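Undergrad: To start, I am sharing the structure in question, which I have written as structure tokens.
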Amino acid sequence: MTEQTRVARTIPRRGRERNLVDVRPDWPGGPLPALVRATMPDVDLAGWLASHRDEVDELARRHGAVLFRGFAVAGAADFRTVMAALSAEVLSYGERSSPRSQVTEGVYTSTEHPADQPIVLHNEQSYTVNWPLRIVFHCEVAPAAGGRTPLADSRRVLARLRPETVAGFERRGVLYRRNYLPGISLSWQTAFQTERREDVEAYCARALIDVEWVGERQLRTRQVRPAVRRHPVTGERTWFNHALFFHVTSLPGDVSAGLRAALDEEDLPYQTAYGDGTPIPDEVLAELRAAYAAETRSFDWQRGDVLLVENMLAAHAREPFTPPRRILTAMSDPVAAPELTEAVRSGPVPNPTGDRA
């Protein structure tokens with residue numbers, strides 16, 4: 001056993017003390033994520049978490065993510081029990097940006113994005129005013145090939161950016177433009193889970209989103225958010241935004257080119273700019289990509305794995321894969337943005353939880 005490996009718990013079993021769980025901050029897939037591994041079969045993860053929440057919290061905040069491997073977790077019901085042990089605030093899925101299916105209360109398929117397309121690194125719901133502090137994944141069926149969930153430490157991504165790049169974003173923020181276009185992106189009915197325009201308008205007013213109805217079917221929204229946030233517990237500054245993820249150039253080349261040829265800039269399904277509307281220069285986008293790439297870490301999924309991602313400290317992505325692959329996801333612990341004043345909070349803001357992942 002190395003210095004980085006320590007026994008997390010010993011409990012009596014059949015009259016003997018046995019080491020049931022090892023915590024390995026440094027392993028071939030680490031240090032992002034840290035590994036918590038059951039050393040014997042049938043160890044109950046929810047039960048272990050119930051008495052080790054402080055330890056798990058510390059691991060998640062130090063490393064950005066924790067991988068639980070070898071525990072008795074097999075499917076949505078077990079996963080939901082694990083989520084209940086992790087948090088009393090498991091969130092529903094609103095303000096949708098990708099297709100998902102609900103499996104059980106608070107548990108969804110991770111995405112139904114095409115298997116042959118990658119999903120760029122991002123922090124879940126960073127463009128909202130009420131995001132999950134954590135996103136958790138469960139591998140129900142491991143991919144036949146590919147399909148890893150890469151991670152990048154958002155604190156280290158921030159540290160790699162030039163001071164002038166960070167200052168430019170901090171001064172102006174990030175503008176998110178979104179068009180809900182039937183047949184091209186999610187409809188507004190699906191995204192907001194309502195058929196009533198007045199419900200959308202009320203939600204957006206509380207969530208600091210500008211709304212514009214275009215014709216009978218199209219909804220256009222705009223919102224400006226900070227590029228850098230502070231973790232509410234650790235106080236660390238972190239690169240927490242969708243500036244690159246929602247930029248049209250982050251789509252596969254042929255898709256990006258096709259959209260730009262078919263649509264005006266203002267009608268693109270997703271697009272980002274500086275908060276004052278100024279386009280983000282190509283060299284800055286390249287700098288962001290390089291910073292993410294330098295910090296990307298990955299591991300191969302195994303059936304039964306549970307991955308806890310500290311959403312404000314680590315970005316996640318998805319590689320293309322060969323089916324079958326079934327990864328479930330749940331989000332927890334909503335964080336309200338500081339810019340939400342008491343006046344804005346006078347009406348309840350639904351907990352939006354669901355990027356492409």
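Undergrad: State which residue is nearest to the chain's Cα centre (by Cα) when the search covers only the stretch 297-334 and only residues that are among the β-branched types (Val, Ile, Thr) and buried (at least 19 other Cβ atoms within 10 Å of the Cβ).
TA: Only one residue tops the list, namely VAL309.
Undergrad: Write out, first by first residue and then by second, each pair whose Cβ atoms fall under 8 Å of each other, whose residues are 6+ apart or on separate chains, and whose first residue, in the stretch 123-139, is more than 16 Å from THR238 (Cα to Cα) while the second is open to solvent by 10 Å² or more (accessible area, probe 1.4 Å) and among the aromatic types (Phe, Trp, Tyr).
TA: Pairs that qualify, where the first residue is more than 16 Å from THR238 (Cα to Cα) and the partner is open to solvent by 10 Å² or more (accessible area, probe 1.4 Å) and among the aromatic types (Phe, Trp, Tyr), are CYS139/TRP301.
Undergrad: To continue, here is another question. Can you tell me which of (1) within 28 Å of MET312 (Cβ to Cβ); (2) surrounded by fewer than 18 Cβ atoms within 10 Å (Cβ to Cβ); (3) free of Cβ contacts under 8 Å to residues at least 40 places away in the same chain is the one GLU195 doesn't meet?
TA: (1)
Undergrad: Out of THR238, THR234, THR149, which single residue is in contact (Cβ under 8 Å) with a residue 60 or more places away in the chain and either surrounded by fewer than 16 Cβ atoms within 10 Å (Cβ to Cβ) or farther than 30 Å from ILE327 by Cβ (or both)? Don't jump to the end; show me each part of the working.
TA: Details: THR238 fails: either surrounded by fewer than 16 Cβ atoms within 10 Å (Cβ to Cβ) or farther than 30 Å from ILE327 by Cβ (or both); THR149 fails: either surrounded by fewer than 16 Cβ atoms within 10 Å (Cβ to Cβ) or farther than 30 Å from ILE327 by Cβ (or both).
Going through THR238, THR234, THR149 in turn, the sole match is THR234.
Undergrad: Could you look through the stretch 157-180, keep only residues that are among the basic types (Lys, Arg) and within 22 Å of GLN125 (Cα to Cα), and pick out the one that is least open to solvent (accessible area, probe 1.4 Å)?
TA: So the residue we want is ARG178.
Undergrad: I'm trying to understand the selection: among the residues of the stretch 104-150, which are within 22 Å of SER87 (Cα to Cα) and hydrophobic (A, V, I, L, M, F, W, C)?
TA: If the condition is that a residue be within 22 Å of SER87 (Cα to Cα) and hydrophobic (A, V, I, L, M, F, W, C), then VAL107, VAL129, TRP131, LEU133, ILE135, VAL136, PHE137, CYS139 are the ones that fit.
Undergrad: Just give me the residues in the stretch 294-309 being more than 15 Å from ARG148 (Cα to Cα) and hydrophobic (A, V, I, L, M, F, W, C), in sequence order.
TA: If the condition is that a residue be more than 15 Å from ARG148 (Cα to Cα) and hydrophobic (A, V, I, L, M, F, W, C), then ALA294 is the only one that fits.
Undergrad: Within the stretch 109-129, track down each residue that is assigned to a strand (DSSP E or B) and either surrounded by fewer than 24 Cβ atoms within 10 Å (Cβ to Cβ) or modelled with pLDDT under 95 (or both). Outline the logic, then answer.
TA: Keep residues of the stretch 109-129 that are assigned to a strand (DSSP E or B), which gives 109, 119-122.
Passing the criteria: THR109, ILE119, VAL120.
Undergrad: Here are some conditions: (1) charged (D, E, K, R); (2) in contact (Cβ under 8 Å) with a residue 60 or more places away in the chain; (3) out of contact with any strand residue (DSSP E or B) (no Cβ under 7 Å at 6 or more places or on another chain). ARG171 meets all but one. Which one does it not meet?
TA: All conditions pass for ARG171, except number (2).
Undergrad: Another question, then. Could you check VAL166 against (1) in a helix (DSSP H, G or I); (2) more than 17 Å from LEU244 (Cβ to Cβ); (3) β-branched (Val, Ile, Thr) and say which number it fails?
TA: The single condition VAL166 does not satisfy is (2).
Undergrad: Restrict the check to the stretch 51-64 and report whether at least one residue is in contact with a Phe, Trp or Tyr (Cβ under 6 Å, 6 or more places away or on another chain) and either at pLDDT 95 or above or assigned to a helix (DSSP H, G or I) (or both).
TA: For the stretch 51-64, residues in contact with a Phe, Trp or Tyr (Cβ under 6 Å, 6 or more places away or on another chain) and either at pLDDT 95 or above or assigned to a helix (DSSP H, G or I) (or both): absent.
Undergrad: Let me spell it out: the conditions are (1) more than 21 Å from ASP57 (Cα to Cα); (2) of a type in the set (Lys, Arg); (3) modelled with pLDDT of 85 or more, and ARG37 meets all of them except one. Which number is the exception?
TA: (1)
Undergrad: Hey, any hits in the stretch 71-79 for a residue that's modelled with pLDDT under 95 and crowded, with 19+ Cβ neighbours inside 10 Å?
TA: In the first step, residues of the stretch 71-79 are kept if they are modelled with pLDDT under 95; the result is none.
No, because not a single residue in the stretch 71-79 is modelled with pLDDT under 95 and crowded, with 19+ Cβ neighbours inside 10 Å.
Undergrad: Might you let me know whether the stretch 86-97 holds any residue that is open to solvent by less than 20 Å² (accessible area, probe 1.4 Å), assigned to a loop (DSSP other than H, G, I, E, B), of a type in the set (Phe, Trp, Tyr) and touching a residue at least 40 places away in the same chain (Cβ under 8 Å)?
TA: Checked against the condition, which is being open to solvent by less than 20 Å² (accessible area, probe 1.4 Å), assigned to a loop (DSSP other than H, G, I, E, B), of a type in the set (Phe, Trp, Tyr) and touching a residue at least 40 places away in the same chain (Cβ under 8 Å), the stretch 86-97 yields at least one hit.
Undergrad: So which residues in the stretch 47-65 are touching a residue at least 40 places away in the same chain (Cβ under 8 Å) and among the basic types (Lys, Arg)?
TA: Within the stretch 47-65, just ARG61 meets the criteria.
Undergrad: Condition first: crowded, with 17+ Cβ neighbours inside 10 Å and within 17 Å of the chain's Cα centre (by Cα). Now tell me which residues in the stretch 274-296 satisfy that.
TA: TYR292, GLU295, listed by residue number.
The values are calculated or read from the model by the stated rules, or taken from the named source; none is laboratory data. Every value quoted in this text rests on a predicted model; they were computed, and no experiment measured them. We place every Cβ from the backbone using ideal geometry, glycine too, and count neighbours over all the protein chains shown. Note: accessible area is taken over every heavy atom of the protein model, side chains too, but ligands, DNA and RNA are not part of it. Shrake-Rupley method; radii C 1.70, N 1.55, O 1.52, S 1.80 Å.
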